[in-house]
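FYI, it's all coordinate maths here, none of it is from the lab. Everything numeric here is computed off the predicted structure, so don't read it as measured data. Neighbour counts run over all protein chains shown; Cβ positions are idealised from the backbone, glycine included.
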Amino acid sequence: MLKLLVILGSSVILSACIIQNHPITYKYIRFGNGGGFTGEIEGYKLVNNELYRLNSPEVLRVIPDNELNIINTKLSSLDSLRYNHPANMYRFIKIEYQNNTSVEYQWGINEEPPNELKRFFDILMEATNH
């Protein structure tokens, strides 16, 4: 019984060390697809933990803490990345930070962006499918 308590206690401590909550450092993240003949943009906006369609006041869903933590962790991996390769049809991510700075990533839909950017975009898009 004592061994079981020691193992359980160790597991809880280890889990607490591994799971880190990354604070929200952005005002919003806009992302989606655009361009083509019509120039139409289809996208989303993440504000805190609420996901909206662009130009819509209706909340699509509230992002749970575990998903938000993944988004914030991946966002921090983009800190030094700059990537802007616009095309006629494109994907985009725009991040407006709390300190009023922003960064925008853009690339053609047939282009392969850096892995960390592609993964971040995929995670954001996955959040829209729930």
Worksheet item: Roughly how many nanometres apart are two label points built 7 Å out from the Cα toward the Cβ at ILE24 and GLU40?
Response: 3.0
Worksheet item: Short version: ³J(HN,Hα) in whole Hz for each residue of segment 30-42, in order, from phi by Karplus 6.51 cos²θ - 1.76 cosθ + 1.60 (θ = phi - 60°), x for Gly and Pro, what are they?
Response: 9, 7, x, 10, x, x, x, 4, 8, x, 5, 10, 10
Item to complete: Name all residues of segment 43-81 having a backbone nitrogen under 11 Å from the label point set 7 Å from the Cα of ASN33 along its Cα→Cβ direction, giving them as ranges.
Response: 43
Worksheet item: Tell me, in nm to one decimal, what length is gained between LEU54 and GLU104 on full extension, where the rule is 0.36 nm per residue of separation less the Cα-Cα distance?
Response: 16.4 nm
